[in-house]
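The numbers here are math on the coordinates, done by the rules we state, and not lab data. Source: prediction; values computed, not measured. In this analysis, Cβ positions are derived from the backbone assuming ideal geometry, glycine residues included, and neighbour counts consider all displayed protein chains.
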Amino acid sequence: MQFETQPNPSSTPSPVTATTNPARLALRQVLIDTYHENVAYINRDCEVYRAEGFKALSKVEVRTNGHSILATLNVVDDSTIVSCGELGLSRAAFAQMGVEDGNLVKVSQAEPPESIGSLHRKLAGERLDANDFRSIIRDIADHRYSKIELTAFVVACNRDELDREEVYFLTQAMVAAGHRLEWPESHIVDKHCIGGIPGNRTSMLLVPIIAAHGMLCPKTSSRAITSPAGTADTMEVLANVELPLEQLENIVRKHRGCLAWGGTANLSPADDVLISVERPLSLDSPGQMVASILSKKISAGSSHLVLDIPIGPTAKVRSMPEAQRLRRLFEYVARRMNLSIDVVITDGRQPIGNGIGPALEARDVMRVLENDPRAPLDLRQKSLRLAGRLIESDPDVRGGDGYAIARDILDSGRALAKMQDIIQAQGSKNFDHNKPGLGALTFEMHAPTSGVVTRIDNLQLARIAGLAGAPKVNNAGVDLMFKLGDTVTGGDVLYRVHANFPVDLEFARQACLRSSGYSIGSASEVPHVFVEF
């Protein structure tokens, strides 16, 4: 049974008979951010709720004017959220409908996902084939899975690790479920890091260097979920990142690169849904990581990718054997997907750059581009080396010359000019990195004793920056004064925490008192790491 809805002219609707006079509901946007989950809201006293036999957390289909979405039903008892004459939709769901408040809608029970049998077989520990993954991912992208079913799929893939064929099938299915960008040339380059290292904003330096060299680099990046800043969050300090697809494509064609949020391009949409479950559970299995990263890059039209795998005691990957296993998996799937990949294992013992948080990281990036003497050397050097690896994918560049070419582009100011072009094209925010307007509330963490910095905990410093407000408060975060191997004197300021709100500052302060994230000792205690540069 379906019920057509329309605006209710009365604030206290009169009773209706479901079979002869369907309840009249008006579509209403409910301003709740449900993060990649379509949610519908219906009042418990509504005739539709009782007549259809809806249950909380069941899936419903909402249709109007040729548009339809699937949503998870929430039942409310507060008429200020939705009254008996209304059907509410969360922000994400309402945007997908593409209609205005008050539109007529039809709401009915949704059909169960066709792939539910494949999900049950995966839960039983069975190996799935290409058709199974294609069916599951299509249903996930169409929002046919509830959060419980999504969690079951993620946990099943994490518990019984996917073999490399399954990872390939999953990647293939995720690409097929979304939009794929097409470019007028065949050599399209990109760079990605598997994450876990605060301040690692090499992409924001690599893109203008690569674009100034003349290579096409459509960089679509993610926002932070549990980290204190993603590339999109940091770039948003400088320019707009939520670009319509047509504008994004025009910018890339004109300026040879962009730095945009990938959510508006509908690239591998199932990945965004899966991430909403994986991150709160702190699940990031190798197979799911590989499928997530490669599906986004292939969907963006990339033909050549440099992949950064940092290793260190508090990085995602903590040993060389683990890094090599992950490298081989990336290389296998990339080869099957006809993507040329160069996996680089890098130093992940500590944050890259001096700032942790969007405004602080944007400051570091602009200092490097301007060849400012205050620019963090580690961020500059890592960016140049990664850019050099990508430049060497150019058939006109001799092997070994990439680093020098990248350095010349940066030192000459061509990278800065290209970045300024991209910022203007995306919509400048007029950020002044010399006066970045950091959070006015601060406190400093001092060295308890003299010695050498022997350990910096990436996870703890990221947590402190997050408690201070980053990335939602873009001028909050942590400003580092010392790095591994530096000599300190007791009382020196190890780092300064910036916040906008007293409660955030206090949360961050308490976390620092429990663990500063720094260890002081002798030079012989500094951990060594064997990396490729």
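Could you work out [θ]222 nm for the chain from helices alone, using -39500 (n - 2.57) per DSSP H run of at least four and dividing by all its residues? Round to the nearest 500 deg cm²/dmol. Intermediate values should be presented prior to the final figure.
Values: 18 runs with 203 residues, N = 533.
Helix-only estimate at 222 nm: -11500 deg cm²/dmol.
How far apart, in nanometres, would the label points at GLN247 and VAL526 be if each is projected 7 angstrom from Cα along the Cα-to-Cβ direction?
Between GLN247 and VAL526, the label points sit 4.6 nm apart.
Zone of TYR332 (label point 7 Å along Cα→Cβ, backbone N under 13 Å): which residues in region 269-299?
286-288, 290-291
Within a Cβ distance under 11 Å of GLU242, other residues only, what is the Lys/Arg minus Asp/Glu net charge? Present the calculation step by step, with values, prior to reporting the outcome.
Numbers: positive: ARG223; negative: GLU236.
Taking every Cβ under 11 Å from that of GLU242, the sum is 0.
May I ask for the distance between the Cα centers of region 450-507 and region 87-152, given as a whole number of Å?
41
What ranking, highest mean first, results for peptides 195-207, 503-515, 236-248 when packing means the other Cβ atoms within 10 Å averaged over each residue?
Details: 195-207: 26.5, 503-515: 16.8, 236-248: 18.8.
The peptides rank, most packed first, as 195-207, 236-248, 503-515.
Go through ALA315, ALA387, ASN338 and say which Cα lies farthest out towards the positive end of the charge dipole of region 307-426; charges sit on Cβ, +1 for Lys and Arg, -1 for Asp and Glu.
Going by the charge dipole, the pick is ALA315.
Got a sec to turn the phi values of region 26-40 into Karplus ³J(HN,Hα) couplings, 6.51 cos²θ - 1.76 cosθ + 1.60 with θ = phi - 60°, whole Hz, x for Gly and Pro?
Rounded to whole hertz, the list is 10, 5, 9, 7, 9, 7, 10, 7, 9, 6, 6, 10, 6, 10, 10.
At 0.36 nm per residue, and after removing the present C-alpha to C-alpha distance, how many nm does the segment from ARG514 to MET320 gain when stretched out fully?
66.8 nm
For region 441-525, what mean projected area does the convex hull of the alpha carbons give, in nm²? If you can, show how the numbers build up before the last one.
Values: hull surface 19.6 nm².
Here the figure is 4.9 nm², rounded to one decimal.
How high is the relative contact order of the chain, in percent, counting Cα pairs under 8 Å that sit 6 or more residues apart?
On the way: 1139 pairs, mean separation 71.3, N = 533.
Computed value for the chain: 13 percent relative contact order.
Scan (1) 53, 32, 21; (2) 43, 27, 24; (3) 44, 44, 19 for the value of semi-axes √(5λ) of the Cα gyration tensor in Å calculated from this model and give just the label.
Answer by label: (2).
Please give every one of the lysines within straight-line cross-link reach of LYS382, meaning a C-alpha to C-alpha distance under 26 Å, and leave out same-chain neighbours fewer than 8 residues apart.
Within reach: LYS191, LYS219, LYS296, LYS297, LYS316, LYS418, LYS435, LYS483.
Return the lysines within reach of LYS59: Cα separation strictly under 16 angstrom, same-chain partners fewer than 8 residues apart disregarded; answer none if there are no such residues.
LYS106, LYS147
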